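The values are calculated or read from the model by the stated rules, or taken from the named source; none is laboratory data. Just so it is clear, the structure is predicted and the values come from calculations on it, not from any experiment. Quick reminder, even Gly has a Cβ in these numbers, built from the backbone with ideal geometry, and neighbours come from all protein chains shown. Note: accessible area is taken over every heavy atom of the protein model, side chains too, but ligands, DNA and RNA are not part of it. Shrake-Rupley method; radii C 1.70, N 1.55, O 1.52, S 1.80 Å.
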Amino acid sequence: MVASNGHGTTGPDVDVVVAGAGFAGLHMLYRLRHLGVSVRAFESGADVGGTWYWNRYPGARCDIPTVDYSYSFDPELEDEWTWSEKYATQPEILRYLQHVADKHDLRRDIQFSTTVAEATWDDEQRLWHIRTDRGDELTARYYVMATGCLSMPKAAEVEGLERYRGDVYFTSRWPHEGVDFTGKRVAVIGTGSSGIQSIPLIAAQAEALTVFQRTPNFSIPAHNGPVPEKMRDAIAGRAAEYREAAKWSVGGIPVEPTQVVTFSVTPEERTARYEDAWQAGELFAILGVYADLMVNPDANAELAGFLHDKIRSIVEDPETADTLCPKDHPFGTKRPCLDTNYFATYNLPHVRLVDLRKHPFRSITESGIDTVDESLEFDAIVFATGFDAMTGALVAVDITGRDGVTLKDKWAHGPTTYLGLTTVGFPNLFFITGPGSPSVLSNMAVSIEQHVDWVADCIADLRARGVDTIEPTETAEAGWVQHVNDCADITLYPTANSWYMGANVPGKPRVFLPYIGGVGKYRIACDEVVDRDYLGFRLKSGADTTCNDGVIRRVQPDVAAVMEMMAMLDLPPLETMDPDTARAFVEASSAMRPPGPDVGEIVDGTIPGPAGDLAYRLYRPPTDGPHPVVVYFHGGGWVLGNATSDDPLCRDLCVRSNSVIVSVDYRHGPEARFPAAIDDGFAATRWVADNAVALGGIPGELAVFGWSAGGNIAAVVCQLARDAGGPAIVGQGLMTPVTDLDMSSGSYAENGEGYILTAALMKWFCDHYADEADRSDPRASPLRADNLAGLPPAIVITSEFDPLRDEGIAYADALTAAGVPVQHIAARGHTHTSLTMVDMVISGAKIRAEIADALRAFFGASVPAH
Ligand SMILES: Cc1cc2nc3c(=O)[nH]c(=O)nc-3n(C[C@H](O)[C@H](O)[C@H](O)COP(=O)(O)OP(=O)(O)OC[C@H]3O[C@@H](n4cnc5c(N)ncnc54)[C@H](O)[C@@H]3O)c2cc1C
């Protein structure tokens, strides 16, 4: 229905429809009302509160300290409301939300006990047709879904529930009048957060309690009680500052993340720190105990072992204790829980644990539950089985966008959004904490407010500009989805079958749902989108369409983090130094890096070069030899570098490719200019080929590899070896190589500044290395060679944000055109230097694995894989 808007023209009935009246819906309503737009909200429940309206099971509490888990939009609340506990109970949080609704008279715009059932986009009228389950129909310019990430309970997965004659409860739909289990035989199915919170309290009442566990979960004691003084003090008298810090933090609580990595400290220090985190009883304390906890499997396993020991020290029966120890997922990859006496509950004589992995359900019967090996009778069954998280409540509404596409169909293979806020094909539809936003990985109160503010500001802005519709572009959405995945892929999170992955719901696609890059970084991205004139959004005003299309985050997240760190250090540019100072500077920086993996053996030696001895460092794999041999040329613009500067990369190549790596020095400019480096590189290659057996190599299995200027040398050495009739080289690895010294390619213009290797630094290198007149010599610029035929097979690795990218691509193309087999690896989101940052830039690891595969392929199938 399109109604008259009272101005003589047709328009929507209301400006905005909001679905949901929890934390998000209430704040949305407040903001919209203050913008002066008309708004109507619908809420399935009979009152406000959302999560805290529905989840009334015994023990229901927040697991983020309540002083943090509260609104910041109304500063008066800081004084008006005092939390009684560190982790407030459900009734107290519900009272808080009711207080907010009362104070701001929000209920008057909310229709309760009403579910939005259908939303259909009308592209002609540019509005949404909304229909509720109670038959309301209205139109709105914007539709905001504040329907909750954890609001759609998961259906029971065990057959026969309809037969059961006892009482059935779902923790997520708990009776308002409460439940008395006194004298009852009770089953609880599920040991996620709701199960872990409720089990001790149900056990305290029930005559007998049987807990059915499919997946054990990590849990630490909440140590709940009155709000600790340090938490009160942190915010007292400086609430605005505190809330502001939370907005830019990693998880929505203003704590400074540690930079310390696990194995950089002694075992004793580690245990002490784990114990402190256990005693703190705060999720963010234990999740942030070491900087590498969620990226380094060994670090994670050590903490998991500590937590297993804790469980075993509490639970008296060793078999029960073992069943309660989570072993199928790294710590933190499923939401860890906070508990009060959870593990100790299993010491009570009337409490029993059934491991569903060993004794699966057969069915629910009239009087209880049959597992495959026994029949158990119960007076009540409690389902603590969780939610169809993040997407459940969104696709439960029948939403049809442009061109008749439904949201359910669009997301059949997993949700795709731009910023977690919007999705292509559904103009003027906003999600609060949608998939692709930090949401469930953060203090949601903070994330919700950020989303609400972004949406409200956006609506205000569009109205002021006379814009009718906003919709993301495919490019922007695909870019954001990629970024969300890139962020997840460098962590251990995707390794678990968690609800973060949709794995708890049968048939749900496995996609990492939340954005793991952090609340502050996410906020910066959202703000930047607006500042860049709604980057990646298509805006329609009447017949006009404007669009500044693009992708908001293209650099790999860990590469971006390193660049940010370097920017903070505000280091002087190398090109402002003289070569000796620059060399000392590079050497000092090298000393501060992670060392790279252990190899079997490292041997330093010398090679007779054309103008004196050249140092080399040989890396031998830990496996039995002989091995194929790779002659390695370091980077550093023919001015800087040595075996030490590229040590972590050489170790990594050695272990991954199972080859002996001989990292050879060569003379540098300006002291020894072109072609000294090339002469040395060729002489060294010949010497290694001649001495392969003595070096532990397999005769004839010789490749060359180089990074940057070293890639240039490797490419030239292959041309010289071909022309000289030897030595035989079976393959060349060219990583972000210099192939043409004219420095004029498009990637110089695109990436010449801001990505560590700058155009200015390249000029400094070239000036120290080669006279202008020499630069077109194919021994300086191998791309300029007349003939590239007959060269060894190549892998060419180029990085997206590298001034040298295009000349690398050009060389790969030219080799291919000359009939040389080429594998081109394009490192998306990487810079010139990032692939060398072993153990710092985790996203580079899979590229280095590809490189190692390609090296092994040079050597033939006889070389065993690492
Ligand atoms: C037991 C539990 C404990 C939690 N503890 C914490 C914590 O400590 N810290 C934290 O950050 N987060 C916690 N969460 C997550 C919690 O969901 C969020 O913090 C927050 O309450 C979400 O608010 P919301 O308004 O986005 O969604 P919700 O609170 O889920 O509200 C959404 C509302 O939308 C309604 N709705 C859904 N679909 C429709 C529709 N189609 N039409 C009309 N109405 C609809 C629902 O009935 C619901 O009331 C917890 C969640 C649970 C379940």
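Just a few scattered comments:
- The residues of the stretch 685-724 that are under 14 Å from Y811 (Cβ atoms) and surrounded by fewer than 21 Cβ atoms within 10 Å (Cβ to Cβ) amount to a single one, Q719.
- In the set (1) loosely packed, with under 15 Cβ neighbours inside 10 Å; (2) touching a strand residue (DSSP E or B) at 6+ places or on another chain (Cβ under 8 Å); (3) not β-branched (V, I, T), the condition left unmet by A240 is number (2).
- P254 meets the stated requirement of being open to solvent by less than 80 Å² (accessible area, probe 1.4 Å), within 16 Å of the ligand (Cβ to nearest atom) and in a loop (DSSP other than H, G, I, E, B).
- Qualifying residue in the stretch 545-556 (condition: under 30 Å from A849 (Cα atoms) and modelled with pLDDT under 95): no
- Index of the failed condition, P360 passing every other in (1) buried (at least 18 other Cβ atoms within 10 Å of the Cβ); (2) over 24 Å from G225 (Cβ atoms): (1)
- Restricting the stretch 528-565 to residues that are out of contact with any strand residue (DSSP E or B) (no Cβ under 9 Å at 6 or more places or on another chain) and without any contact (Cβ under 8 Å) to a residue 12 or more places away in the chain, the residue that is nearest to V841 (Cα to Cα): A561
- Top-ranked residue in the stretch 814-847 [being closer than 21 Å to C718 by Cβ and open to solvent by less than 10 Å² (accessible area, probe 1.4 Å); ranked as nearest to the chain's Cα centre (by Cα)]: L835
- Restricting the stretch 123-148 to residues that are in contact (Cβ under 8 Å) with a residue 40 or more places away in the chain and away from the ligand (no atom under 16 Å from the Cβ), the residue that is surrounded by the most Cβ atoms within 10 Å (Cβ to Cβ): L127
- Qualifying position, being open to solvent by 20 Å² or more (accessible area, probe 1.4 Å), over 27 Å from N443 (Cα atoms) and not in a loop (DSSP other than H, G, I, E, B), among A204, A234: A204
- On the stretch given as the stretch 398-418, residues that are within 28 Å of the chain's Cα centre (by Cα), within 16 Å of the ligand (Cβ to nearest atom) and open to solvent by less than 10 Å² (accessible area, probe 1.4 Å) total 2.
- Neighbours by Cβ (under 7 Å, 6+ apart or cross-chain): first from the stretch 17-39, within 11 Å of the ligand (Cβ to nearest atom); second basic (K, R) and open to solvent by 10 Å² or more (accessible area, probe 1.4 Å): V17/R40
- S151 satisfies every condition listed in (1) within 16 Å of the ligand (Cβ to nearest atom); (2) open to solvent by 20 Å² or more (accessible area, probe 1.4 Å); (3) in a strand (DSSP E or B); (4) under 30 Å from I470 (Cα atoms) except (3).
- Residues that are within 14 Å of the ligand (Cβ to nearest atom), within 23 Å of R31 (Cβ to Cβ) and in contact with a helix residue (DSSP H, G or I) (Cβ under 6 Å, 6 or more places away or on another chain) within the stretch 74-96 comprise I93, L94, listed in sequence order.
- Reported count of residues in the stretch 626-664, each being surrounded by fewer than 24 Cβ atoms within 10 Å (Cβ to Cβ) and either at pLDDT below 95 or under 24 Å from F859 (Cα atoms) (or both), is 11.
- Verdict on D379 being away from the ligand (no atom under 16 Å from the Cβ), open to solvent by 10 Å² or more (accessible area, probe 1.4 Å) and out of contact with any Lys or Arg (no Cβ under 7 Å at 6 or more places or on another chain): no
- Exclusive hit being open to solvent by 50 Å² or more (accessible area, probe 1.4 Å), of a type in the set (S, T, N, Q) and more than 9 Å from the ligand (Cβ to nearest atom), set S113, S70, S44: S113
- Residue, nearest to the ligand (Cβ to nearest atom), within the stretch 47-61, restricted to residues that are of a type in the set (A, V, I, L, M, F, W, C) and open to solvent by less than 10 Å² (accessible area, probe 1.4 Å): A60
- Neighbours by Cβ (under 8 Å, 6+ apart or cross-chain): first from the stretch 160-178, on the phi > 0 side of the Ramachandran plot; second away from the ligand (no atom under 14 Å from the Cβ): G160/S363; G160/I364; G160/T365
- Lone unmet requirement of (1) open to solvent by 30 Å² or more (accessible area, probe 1.4 Å); (2) closer than 30 Å to S843 by Cα for D317: (2)
- Odd one out for L571 among (1) open to solvent by 40 Å² or more (accessible area, probe 1.4 Å); (2) of a type in the set (A, V, I, L, M); (3) not in a loop (DSSP other than H, G, I, E, B): (3)
- Test result for N787, free of Cβ contacts under 8 Å to residues at least 40 places away in the same chain and of a type in the set (S, T, N, Q): yes
- Across the stretch 284-300, the qualifying residues are those that are open to solvent by less than 30 Å² (accessible area, probe 1.4 Å) and in a helix (DSSP H, G or I), and the one among them that is farthest from G225 (Cα to Cα) is A299.
- Any hit, the stretch 267-283, residues being of a type in the set (G, A, S), out of contact with any helix residue (DSSP H, G or I) (no Cβ under 7 Å at 6 or more places or on another chain) and open to solvent by 60 Å² or more (accessible area, probe 1.4 Å): no
- Total residues in the stretch 366-376, condition among the hydrophobic types (A, V, I, L, M, F, W, C) and open to solvent by 10 Å² or more (accessible area, probe 1.4 Å): 2
- Going through (1) surrounded by 13 or more Cβ atoms within 10 Å (Cβ to Cβ); (2) among the aliphatic types (A, V, I, L, M); (3) within 33 Å of the chain's Cα centre (by Cα) one by one, V603 falls short only on (3).
- If you check D457, D453, D468 for being within 16 Å of the ligand (Cβ to nearest atom), surrounded by fewer than 20 Cβ atoms within 10 Å (Cβ to Cβ) and not aromatic (F, W, Y), only one passes: D453.
- Scanning the stretch 606-625 for residues that are closer than 28 Å to D853 by Cα and either open to solvent by less than 20 Å² (accessible area, probe 1.4 Å) or touching a residue at least 60 places away in the same chain (Cβ under 8 Å) (or both) yields Y616, L618, Y619, R620, P621, T623, G625.
- Residues that are of a type in the set (A, V, I, L, M, F, W, C) and open to solvent by 30 Å² or more (accessible area, probe 1.4 Å) within the stretch 725-763 comprise A728, V730, M743, A749, I756, A759, A760, listed in sequence order.
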